[in-house]
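Novice: My questions will all concern the structure given below.
Every number in this text was worked out from the coordinates using simple rules, so none of it is lab data. None of these values were measured; they are calculated from a predicted model. Backbone-built Cβ (ideal geometry, glycine too); neighbour counts: all protein chains shown.
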Ligand code: ADP
Ligand code: MG
């Protein structure tokens, strides 16, 4: 038992006065089991009931507390039951209260002469200001107002705010003194301007009447920032712990003689960039160790991640281990298959294909090859299905990680698990992750960056053109293709229903096919069968198709170096990283490429800014930073679905400036104060989220 277990913090909520089994069950639904959980059950927002606004000064659209005497009350039943109560105060203002749901007893209570205090949003009614279903109470003259702002907590059915506030009040009374509560050593807090935790908790739960309400609403109040720091620190520590646990597993040491790798590299028609070589070395070093590698390789589109993946795969094959490479779409997986077969089959290495559409006999064959120890298996989610059994899986490579959740990553890893022995993992992503985020969101992964493009890539020139000039753009495409260039025409829709999108693409295909008579125009969209898609892509790659009308299925990874012109329709609807991914499909060869962003008015301010950014830069890191700024981290990382970054007070975009300090303090705590680090995680994340076996 730890020292603090006997203290207030860990006592069950039922030890608090007034908390019986029913209330305890409701609290449990909120993830609250002990007193400490209540301390960290933080308000969502605040209401100001510390003052009474004279009715004459009410502002439409704002929430306010008012007080007055009922001048008239009327129960109507014309269209639906309605209780209308006219309230007046000394400011000679009046206000109408409207209730559509009410009990008779309630109506009986609201008689002329009764004094009410109400809180609600003021809106403009037909005959002046009104409040619909305000919160109200009967009061005597001179009843005191609240002396602090009223917190509104996340709650659950059957547990009202008032009751919850009461319980939290009781719990706060048990807050120990500063020294005991504080887990971040003073020396580390010094210089960061972080106040005490005790003070911060008392302030966010019960902000004084003069607290800065707008700072509180934005989460920028000093007390909230103090908590945000601690929450980010906790997140960082827990990811570090997750990583430490992973390090407890063992993995095959892939420290082969380099023979295959050397043969592969010397057969390539190009030499690796310095960045590719550096990352290869980082990966090789990890793989050679008997602990599992967990490395994120990030590199802008076209930076050449596939070669790096192939080199890693060969390290495993050299030692007789199998490799699985998983990609998020069939198109992309198939392209990897093509590349890897082209590179590796000449070396005598078997590459097996396993995707959802591999069925029947082919599937049986693939499965038995995998079970029999085939060196390399390339595929989609299908790799994770039951029935896929590896003989000795030594390395898992996942392309475009942000489209898969952590759980999927782990599921594939577990395919190769043999007791404490797990495969190495390598994750490739083309969405460059801003450094600050990488430190936090990916603290459980080591990160390598391929921060250099292969030489000779002419930058893509980007222009932004109004949709009304579509005709000119088509004309320009005709000229370019007449000179032997190839082009993409990308169709997008707001609602990405595959069906509608496919229809839209078909319409454009027909239009371009007739406008560009003499040129071969093909179509690829998500509703087509894998085989059809592949045939079209092959023809495009072979240069038999001049213009490829495509939906965003081509967003990820497609590599046709001769394609040098891209038109993106309704570009104003796409996010920055999607635009960047799309644009990355051109500019892969040595011809000068261009990208036309067609937009249709009206364009929002944010969309205009996105288009501007696209025109100004092709630096994936700058674009990612900007994306983060415009959209927030959940979307950038695609972590919404994985649920791994839900914070109570912290906000990665807003609080990113704290991250360097978080990292510093985190390292120091793990080294010098591991027990406190452990208690921090327990405090914020609690037993429920313990990663027993990540
Ligand atoms: P991405 O990082 O976007 O996945 P790819 O691995 O698809 O990039 O590589 C893009 C293109 O660049 C491919 O045609 C690949 O063969 C080529 N390539 C990769 N590395 C180099 C290099 N060092 N020099 C020249 N071309 C390269
Ligand atoms: Mg790629």
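Novice: Give me the number: length gained by fully extending residue 361 to residue 11, i.e. 0.36 nm times residue separation minus the C-alpha to C-alpha distance, one decimal in nm.
Specialist: Here the segment from residue 361 to residue 11 would lengthen by 119.9 nm.
Novice: So if R0 is 51 Å, what FRET efficiency would residue 60 and residue 22 give, r being the distance between their Cβ atoms, rounded to the nearest 0.05?
Specialist: Computed FRET efficiency for residue 60 and residue 22 comes out at 0.80.
Novice: Taking every DSSP beta bridge that has both residues in the chain, what percent is antiparallel when rounded to the nearest 5?
Specialist: Bridges in the chain that DSSP calls antiparallel: roughly 35 percent.
Novice: Another one. Using only the Cα atoms of the stretch 222-298, what are the Rg and Dmax in Å?
Specialist: Answer for the stretch 222-298, Rg first and Dmax second: 19.0, 60 Å.
Novice: To the nearest 10 degrees, how steeply does helix 161-172 sit against the main Cα axis of the chain, on a 0 to 90 scale?
Specialist: 90 degrees
Novice: Next question, about the same structure. When the chain is fully extended, how far beyond the present Cα-Cα distance does residue 107 get from residue 291, taking 0.36 nm per residue of separation?
Specialist: Fully extending the segment from residue 107 to residue 291 adds 59.1 nm.
Novice: Roughly what would the spin-label model give for residue 72 and residue 179, points 7 Å off Cα along C-beta, in nm?
Specialist: 6.7 nm
Novice: Determine, for each peptide in 467-473, 389-395, the mean count of other beta carbons within 10 angstrom over its residues, then list the peptides with the highest first.
Specialist: Per-residue Cβ counts within 10 Å, averaged per peptide and sorted highest first, yield 389-395, 467-473.
Novice: Give the calculated FRET efficiency between residue 609 and residue 215 to the nearest 0.05, with a Förster radius of 35 Å applied to their Cβ-Cβ distance.
Specialist: 0.85
Novice: Separate question: In nm, to one decimal, how far is the modelled label at residue 452 from the one at residue 156, with both set 7 Å along Cα→Cβ?
Specialist: Placing both labels 7 Å beyond Cα along the Cβ direction yields 5.5 nm.
Novice: Let me ask something else about it. Please report how far the C-alpha centroid of the stretch 275-294 lies from that of the stretch 517-566, rounded to the nearest whole angstrom.
Specialist: Between the Cα centres of the stretch 275-294 and the stretch 517-566 lies a distance of 35 Å.
Novice: Another question, if that's okay. Specify the angular offset, from 0 to 90 degrees and rounded to the nearest 10, of the alpha carbon long axis of helix 530-541 from the longest principal axis of the alpha carbons in the chain.
Specialist: Tilt of helix 530-541: around 60 degrees.
Novice: Right, here's the next one. Can you tell me what percent of all Cα-Cα pairs in the chain are more than 41 Å apart? It would help to have the intermediate numbers written out before the result.
Specialist: Details: 110363 of 240471 pairs.
Of the Cα pairs, 46 percent sit more than 41 Å apart.
Novice: Determine the gain in length on full extension of the stretch residue 542-residue 79; use 0.36 nm per residue of separation and subtract their C-alpha separation, reporting nm with one decimal. Please list the in-between numbers first.
Specialist: Numbers: separation 463, 0.36 × 463 = 166.68 nm, distance 7.00 nm.
Result: 159.7 nm gained on full extension.
Novice: Could you work out how far helix 360-371 tilts from the main Cα principal axis of the chain, as a 0 to 90 degree angle to the nearest 10?
Specialist: 90 degrees
Novice: Next question, about the same structure. Can you list, bin by bin at 5 Å, the percent of alpha carbon pairs in the stretch 1-67, starting at 0?
Specialist: Using 5 Å bins, I get a P(r) of 3, 14, 17, 13, 9, 9, 10, 10, 8, 3, 2, 1, 0 for the stretch 1-67.
Novice: At 7 Å along the Cα-to-beta-carbon direction for both residue 535 and residue 135, put a label point, then send me their distance in nm to one decimal.
Specialist: For residue 535 paired with residue 135, the spin-label model returns 6.6 nm.
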